[in-house]
Amino acid sequence: MRVTSQMMGRSYLNNLNSRLTRINKLQNEISSGSRLQNPSDDPIATIQAMKTQASLERNKQYSRNITDGKYHLNMAESSIYEMQQITSRARDLALMGSNATYNAKDRKTMAVEVNQLLENMLTVSNTTTIDGYLFGGNQTEEAPFAAARDSSSNRITEVSVTGDVSGKILRNVGQNDSVDVNVNNKNILYGYKNIFQSLVELRDALEQSDVAKIANKIDDLDTVYNQSVNQLGIIGAKGKYLDETKDRLDEESYQLTSSLSEIQGTDLAKSIVQLQQEQLVYQAALSIGGEMLRTSIVNFLK
Amino acid sequence: MGGLSSIFSLGKKALLSNQVGIHVTGENIANAQNPDYSRQRVNLVSDSFVHSNQGFIGSGVKVNSVDRIRDRFYDSQVWEGKSQLAEWKSGGKYGNLIQSIFADLDNSGLSTQLNAFWNAWEDLGNHPGDYGIRNDVRLKAQGVVNQLHGMNSRLRSVSDNALSEIQGSLVKINDLIDQIADTNKKIANTAFSENSNTLLDRRDALIDKLSEYIDVVAIVHENGTVSVLSSYNTVVDQSNAYSLTLDVTENNGYRKASLLVDGTMPVEMKSGQLKNLMDIFSTGVPDLLQKLDTITESFVNKVNQIHGSNYSLYGENGISLFTDSGISSGSIQISQQVQNDVANIAVSKSGQTGDGAGALAISNLRYAKLLSNGDETLDDYYRSMVAKVGDYAQNMQDKSENYSAVVNMMENQRDSIKGVSLEEEMVDMIKFQNSFNAASKIITTVDELMQTVIGMVR
């Protein structure tokens, strides 16, 4: 092949250019820490990176939902503990009241305390959180338990449930996986035994010093107590499920993060070695080019 | 008749011929770096025979022609290669421009915005009555709206860009076509004069330039002129030029352009920069816009459908989150009702304030396979778009990068025929110089012989 003066220059420039392009790309990869700058760098990896990123975002949200759901459950749990305390105090009083060593006056005093316990029970049942009434299901704006009061003494005669407190309060914790964190207190308070009714009856029995009736209430209160234990069990199970899910999500997020960095992260060692090789070749090309392009027969003619 | 005087004239012809040789060598050296130049060779032939007593003897040398060394085969290869390369280069450029609109790798693309939107709904589902979160949901909805608007307008500006580049190219192309026709005319007039090599070089350089814009096939005629065909259509026929014109139509907001030769013949370009520009303008960008509109439409319809079945804080249902009519990526808007009052964001399925199930129904749309006949979620569909854009850009960039080496090689091959080699010219120059010197020796020798003859008579 005949080699002409323009050919050498053209090929030389072309090669230098493509060398520089590669050096530039490697430098970008190293300085940004990401081997994916544009979708065209690797379309398949781009999709994977986007998918992984989306899963990470979702997981973050699910974790947040779980934390939120746990808060709801914890609030309910502590309220129920309080209810248990009220119930067991009432049971103590019933036990004392049924004992023949106390007289009618003592029982009256006990009745006053039971009345207070009844009021407390109502307050706890109507506990509010940032979202409104805790035990109202999804009717958060209206107190779920309403008391009817005696007009003269202003004492509670009956407590009724307003509306439907069984509405679900859902927390998404995964695809097609949502947990109902509503604690339906109708089960505790209105289960086999209605605690408000039991307390009203206990108070009235104490007042009337009706020992047989008082003794009768002890069983009722035991039943109510057991109902609340059951409810705590349910809450605990839900909380455990949420905790486990959160652990799983955390583990998954960890895996996703590491696979994301595998997909789009720069392999620094590899890129730096490549860069150095490219630079070496580039420098060699520069110095050889300078020598070769200057050489011509003209230099040797006199 | 071979007398001394005929040797004289023989010497003279040798001097002159070698002088032409040195002239042409000089011309070659002068044009060594001129990329359009084809090297020239002096075609020397022995002059006519003369009859002498001893038989026929030669009467020296003469310059038969000054030939232009060039190979048509390599020309057509280079032109084809240049068109192809220009198409892919332009594709790489536009691919890059378009993929920068899909900036999901920097976490600022549509998929990021959609994720934020779905997540905000879950937060609202957790606390349905919270005004702060309601505001956040509206903000995230606005984020999606802005993203779609931005992508729409950037895609449109890409197509505006392509259009103005098409128009600019057409001006150049038509100008080149005119010049080629014009040069053809001059070549036809001066076909056998000395100017013609320069004119041929100039004409071929024009075709070189033209080949970057459109594909080119040149047919050489006997008188040295060419006809130029592009995509099976004649654009130059000897001294006649048939210019290209553009026709832009709009259908449903998607623009389409077509090319006409001589104002009447529709033509589809086969390669060249113009082909890529036309592709980008007529199919590439409209296709992406259409896909974006599909995403927007299905997103708005589905979200509105669920939102409408939910109850707002005022206990109303049937409220749209986004404006219902005329939905496209360029026109999507948050509905006036929600814009005015975030309490109109409808979350409750049952009508109870604390009910967030409706919000979760919306956020679960991220899993809903709404597109491609129930095969792809919005995210999947969008991701396929990104992959397609990335594939296109990668393909074009790779092709143009690899192919530029091929075109480089083609040009080198052409150059190895037509290019000037300084070494060769220097050697030629020495050869012509020596011949010139030798020829002048002949003349002095003949002169001496003549003196001898004259001296004989005294």
(message) Explain nothing, just compute: Karplus ³J(HN,Hα) = 6.51 cos²θ - 1.76 cosθ + 1.60, θ = phi - 60°, for every residue of the stretch B:119-135 in order, whole Hz, x for Gly and Pro.
(response) 4, 4, 5, 5, 4, 5, x, 6, 9, x, x, 7, 5, x, 5, 4, 4
(request) Have a look at chain B and give its Rg and Dmax from the Cα atoms, expressed in angstrom. (result) 37.7, 145
(message) I want to verify a result. In a Gaussian network model of chain A, Cα cutoff 10 Å, which of these has the top mean-square fluctuation: A:Leu268, A:Leu202, A:Leu134?
(response) A:Leu268
(request) Please report the buried accessible area for the interface of A with B, total over both chains, probe 1.4 Å, in Å² to the nearest 100. (result) 4600
(message) Suppose each label sits 7 Å from its Cα in the direction of the beta carbon; what would the B:Lys431-B:His23 distance come out to in nanometres?
(response) 2.0
(request) Kindly identify the stretch B:1-89 as rounded, prolate or oblate by the Cα gyration tensor criterion: order the square roots of the eigenvalues as a ≥ b ≥ c, call it rounded if a/c is under 1.5, otherwise compare a/b with b/c, prolate if a/b is larger, else oblate. (result) oblate
(message) Which residue, A:Val165, A:Ser151, A:Thr123, has the largest displacement toward the positive end of the dipole of the stretch A:95-225 when charges sit on each Cβ (Lys, Arg +1; Asp, Glu -1)?
(response) A:Ser151
(request) Would you work out which of A:Met8, A:Gly33, B:Gly315 lies farthest towards the positive end of the dipole of the protein assembly as shown, given +1 charges on the beta-carbon of Lys and Arg and -1 on that of Asp and Glu, about the Cα centre? (result) A:Met8
(message) Using a 1.4 angstrom probe on the protein heavy atoms only, could you order B:Trp88, B:Trp121 from most to least accessible area?
(response) B:Trp88, B:Trp121
(message) Taking θ = phi - 60°, what integer Hz values does the Karplus form 6.51 cos²θ - 1.76 cosθ + 1.60 yield along the stretch B:333-350, in sequence order, with x for Gly and Pro?
(response) 9, 6, 5, 4, 4, 6, 4, 6, 8, 5, 5, 6, 5, 9, 10, 8, 7, 8
(request) Using the Karplus curve 6.51 cos²θ - 1.76 cosθ + 1.60 with θ = phi - 60°, work out ³J(HN,Hα) for each residue of the stretch B:98-114 in order, rounded to whole Hz, and write x for Gly and Pro. (result) 6, 5, 5, 6, 9, 8, 6, 5, 8, 6, 9, x, 5, 5, 4, 5, 5
(message) Leaving out ligands, DNA and RNA, and with a 1.4 Å probe, what % of the accessible surface on the stretch B:76-409 is carbon or sulfur?
(response) 47
(request) Any chance you could check the stretch B:417-439 for residues losing 40 Å² or more of accessible area when the partner protein chains are in, compared with the chain on its own (1.4 Å probe)? (result) B:Glu423, B:Met426
(message) Give me the Å³ per residue figure for the convex hull around the C-alpha atoms of the protein assembly as shown.
(response) 190
(message) Compute accessible area for the stretch B:79-123 by itself and then with all protein chains, 1.4 Å probe, and report residues whose area falls by 30 Å² or more.
(response) B:Gln99, B:Leu105, B:Asn107, B:Asn115, B:Asn119, B:Glu122, B:Asp123
(message) Students often get this wrong, so check it: of A:Lys238/B:Lys140; B:Lys270/B:Lys399; A:Lys51/A:Lys168, which have C-alpha atoms separated by over 20 Å?
(response) A:Lys238/B:Lys140; A:Lys51/A:Lys168
(message) Take A:Arg248 and A:Ser78, extend 7 Å from each Cα along the Cα→Cβ direction, and tell me the distance between the two endpoints in nm.
(response) 2.9
(request) Leaving out ligands and nucleic acids, note down the accessible area per residue over the protein assembly as shown with a 1.4 angstrom probe, in whole Å². (result) 48
(request) Please report, in debye to the nearest 20, how large the charge dipole of the stretch B:76-409 is about its Cα centre when each Lys and Arg carries +1 at its beta carbon and each Asp and Glu carries -1 there. (result) 260
(message) Taking amide H atoms as placed 1.01 Å from N in the peptide plane, list the residues 5 or more away in sequence, or in a different chain, whose amide H sits under 5 Å from that of B:Val61.
(response) B:Ala14, B:Asp47
(request) Would you mind calculating the relative contact order of chain A from Cα pairs under 8 angstrom and at least 6 residues apart, reporting the percent as a whole number? (result) 28
(message) For a quick check: with amide H placed at 1.01 Å from N, whose amide H comes under 5 Å from B:Leu44's, ignoring anything fewer than 5 positions away on the same chain?
(response) B:Asn64
(request) With +1 on each Lys and Arg Cβ and -1 on each Asp and Glu Cβ, and nothing else charged, work out how big the dipole of the protein assembly as shown is about its Cα centre, in Debye to the nearest 20. (result) 2080
(request) Mind ranking B:Phe49, B:Phe436 by accessible surface for me, highest first, 1.4 Å probe? (result) B:Phe49, B:Phe436
(message) If the only charges are +1 at each Lys and Arg Cβ and -1 at each Asp and Glu Cβ, what is the size of the charge dipole of chain A around the Cα centre, to the nearest 20 debye?
(response) 1780
(message) Positive end of the dipole of the stretch A:177-302, charges at C-beta (+1 Lys, Arg; -1 Asp, Glu), about the Cα centre: which of A:Tyr282, A:Met292, A:Ser178 has its Cα farthest in that direction?
(response) A:Met292
(request) Express in Å², to the nearest 10, the accessible area of B:Asp247 obtained by rolling a 1.4 Å probe over the protein heavy atoms while all chains stay in place. (result) 70
(request) With a/c under 1.5 counting as rounded, go ahead and sort the stretch A:54-258 into rounded, prolate or oblate using the C-alpha gyration tensor (a ≥ b ≥ c being the square roots of the eigenvalues; past the cut-off, prolate if a/b is larger than b/c, else oblate). (result) prolate
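The values are calculated or read from the model by the stated rules, or taken from the named source; none is laboratory data. Note that the structure is predicted; figures quoted are calculated from it, not measured. Positions of Cβ are backbone-derived with ideal geometry, glycine not excepted, and every protein chain shown enters the neighbour counts. For the accessible areas, the whole protein counts, side chains as well, though only heavy atoms, and no ligand, DNA or RNA atoms are used. Shrake-Rupley method; radii C 1.70, N 1.55, O 1.52, S 1.80 Å.
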